[in-house]
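Each remark here refers to the structure printed beneath this line.
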Amino acid sequence: MNTVVLGVTGGIAAYKALDIVSSLKKKNINVHVIMTKSATKFVTPLSFQSLSQNYVTVDMFAEPKSFEIKHISLSERADVFLIAPASANIIGKIANGIADDMLSTTVMATKAPVLIAPAMNTNMYNNFIVQKNISFLKSLGYYFIEPQSGRLACGSIGKGKLAETENIVDLTEMLLYKNKDLKGKKVLVTAGPTREDIDPVRFITNRSTGKMGYAIARAARNRGADVTLISGPVNIKPPEGVRIINVYSAEEMYDAVIRHFNDIDILIKSAAVADYRPANRSELKIKKTDDDLYIELTRNKDILLEIGKIKKHQIIVGFAAETNDLVANAMAKIKKKNLDYIVANDVTMEKSGFGTENNTVKIINKFGEIIELPNMPKEEVAHEIFNQILKNER
């Protein structure tokens, strides 16, 4: 089980750290909390103790619960050291090597990756000294997650709100993932559906939610890749640390893929791109009449087919969402489109395909070898795809 040591400093955002502990625990991550004395003025240690199910450390000289040097044992136990919220004070201490309480002392002693989530007044955050300290720590390899902009507790509006729990936990998971076998690789992922407008209020689309593509982008990022995600319209937050390009139509997705293709090592095209679009888009809403409505459709460019013609060193992975003749249809696509792999799934299967958390797929390579995977979470499917790519690269 992975262990996160969470440092909580004084500030109104301290209560949000409770949600961070809860979210980490739900992911089966062990959490040890260190609070500064200022933090205890906002939230009680008992609250963190109840959620983390571990003793909370505040006083450096408190009676130990076991025979160990607390700041050393916690620093060695940490797989990731997270400070959220991080005040200007703790950032300044770390940057200048000051270790005068349990939190600053333990940070100095750890060899684990340190992720810092600042939260403070806008003017404090923008202060030259604070920004200089942040830049210095980044240069030393400390990780930061940017605060949000919005209305702050002091009443001012600007940058300084603690980043959302989901984003903090997402980056923490990235740092916990130790296998960085994609480091140095540039991965391009497409995800979600495209939309083809009929008129200003109607469009043609499909059932894709983007969950598989976003899981692939997150898995690649966790394994150290430089990831660009080209996404159609979805309702998913992009993973932290991933470059996101939002597109709408099949034509926009084609242009984005072509623009970035020469600079990448791996393309995983999991987006469900519309094969057709209306030949003529109405600039005004089409009014209902007593007659039937006929819409002429014209073909969109086949992105994989076009990419397959110009690929050089790149590895290309396609997806085949089928309702019948799964393997035969998938193998035909590999040959026709010059792919290295295709991930085939029967979208009629229960707990698989569009909108589900899991997927049941077959990974087929260009030599016709089939790796059949059981039903599993989409992020595990994503890792299996990369496992196959790296296995055959060696």
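The values are calculated or read from the model by the stated rules, or taken from the named source; none is laboratory data. Since the structure is predicted, the reported quantities are computational estimates derived from the model, not experimental observations. Positions of Cβ are generated from backbone atoms using ideal geometry, with glycine treated the same way; all protein chains shown enter the neighbour counts.
So which of Ile98, Ile129, Ile134, Ile116 ends up being in the same structural domain as Ala13 (by TED's automatic domain parsing) and closer than 19 Å to Phe42 by Cβ?
Ile116
Here is a yes/no grid of residues against (1) at pLDDT 90 or above; (2) assigned to a helix (DSSP H, G or I); (3) surrounded by 12 or more Cβ atoms within 10 Å (Cβ to Cβ):
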| site | (1), (2), (3) |
| --- | --- |
| Glu63 | no, no, no |
| Phe67 | no, no, no |
| Ile72 | no, yes, yes |
| Leu82 | yes, no, yes |
| Gly92 | yes, yes, yes |
| Gly97 | yes, no, no |
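For region 106-120, state whether one or more residues are under 29 Å from Val58 (Cβ atoms), assigned to a helix (DSSP H, G or I) and among the small types (Gly, Ala, Ser).
Yes, region 106-120 has at least one match.
Rundown of residues vs (1) acidic (Asp, Glu); (2) closer than 29 Å to Thr122 by Cα; (3) surrounded by fewer than 24 Cβ atoms within 10 Å (Cβ to Cβ), yes/no style:
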position: Met1; (1), (2), (3): no, no, yes
position: Val8; (1), (2), (3): no, yes, no
position: Gly11; (1), (2), (3): no, yes, no
position: Ala17; (1), (2), (3): no, yes, no
position: Ser22; (1), (2), (3): no, yes, yes
position: Lys25; (1), (2), (3): no, no, yes
position: Val43; (1), (2), (3): no, yes, yes
position: Gln49; (1), (2), (3): no, no, yes
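Conditions (1) outside the structural domain of Val361 (by TED's automatic domain parsing); (2) outside any loop (DSSP other than H, G, I, E, B); (3) out of contact with any Lys or Arg (no Cβ under 9 Å at 6 or more places or on another chain), marked per residue:
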| site | (1), (2), (3) |
| --- | --- |
| Ile198 | no, yes, no |
| Gly224 | no, no, no |
| Lys237 | no, no, yes |
| Glu240 | no, no, no |
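Among the residues of region 348-372, how many are part of a strand (DSSP E or B) and either touching a residue at least 12 places away in the same chain (Cβ under 8 Å) or of a type in the set (Lys, Arg) (or both)?
So the answer is 8.
Does Asp226 satisfy being in contact with a His (Cβ under 9 Å, 6 or more places away or on another chain), closer than 18 Å to Ile389 by Cβ and crowded, with 17+ Cβ neighbours inside 10 Å?
no
Restricting attention to region 332-347, which residues are part of a loop (DSSP other than H, G, I, E, B) and over 20 Å from Gly210 (Cβ atoms)?
Matches in region 332-347: Asn338, Leu339, Asp340.
Quick grid of which residues meet (1) surrounded by fewer than 22 Cβ atoms within 10 Å (Cβ to Cβ); (2) free of Cβ contacts under 8 Å to residues at least 40 places away in the same chain; (3) in the same structural domain as Asn345 (by TED's automatic domain parsing); (4) touching a Phe, Trp or Tyr at 6+ places or on another chain (Cβ under 6 Å):
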{"residue": "Arg207", "(1), (2), (3), (4)": "yes, no, yes, yes"}
{"residue": "Pro233", "(1), (2), (3), (4)": "yes, no, yes, no"}
{"residue": "Ile244", "(1), (2), (3), (4)": "yes, yes, yes, no"}
{"residue": "Ser249", "(1), (2), (3), (4)": "yes, no, yes, no"}
{"residue": "Tyr254", "(1), (2), (3), (4)": "yes, no, yes, no"}
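How many of the residues in region 155-191 are in a strand (DSSP E or B) and over 16 Å from the mean Cα position of the chain (by Cα)?
Looking only at that region, the number is 5.
Scan region 352-374 for residues that are of a type outside the set (A, V, I, L, M) and either surrounded by 15 or more Cβ atoms within 10 Å (Cβ to Cβ) or within 22 Å of Asp181 (Cα to Cα) (or both) and jot them down.
Across region 352-374, the qualifying residues are Ser352, Gly353, Phe354, Thr356, Asn358, Asn359, Thr360, Lys362, Asn365, Lys366.
Give just the number: which of (1) under 19 Å from Pro85 (Cβ atoms); (2) in contact with a strand residue (DSSP E or B) (Cβ under 6 Å, 6 or more places away or on another chain); (3) surrounded by fewer than 19 Cβ atoms within 10 Å (Cβ to Cβ) does Lys186 not satisfy?
Looking at each condition in turn, Lys186 falls short on (1).
For every residue, the table says whether it meets (1) modelled with pLDDT of 95 or more; (2) part of a loop (DSSP other than H, G, I, E, B); (3) in contact with a strand residue (DSSP E or B) (Cβ under 6 Å, 6 or more places away or on another chain).
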residue: Asp291; (1), (2), (3): no, yes, no
residue: Tyr294; (1), (2), (3): no, yes, no
residue: Lys312; (1), (2), (3): no, yes, no
residue: Val317; (1), (2), (3): yes, no, yes
residue: Ala320; (1), (2), (3): no, no, yes
residue: Asn324; (1), (2), (3): no, yes, no
residue: Val327; (1), (2), (3): no, no, no
residue: Ala330; (1), (2), (3): no, no, yes
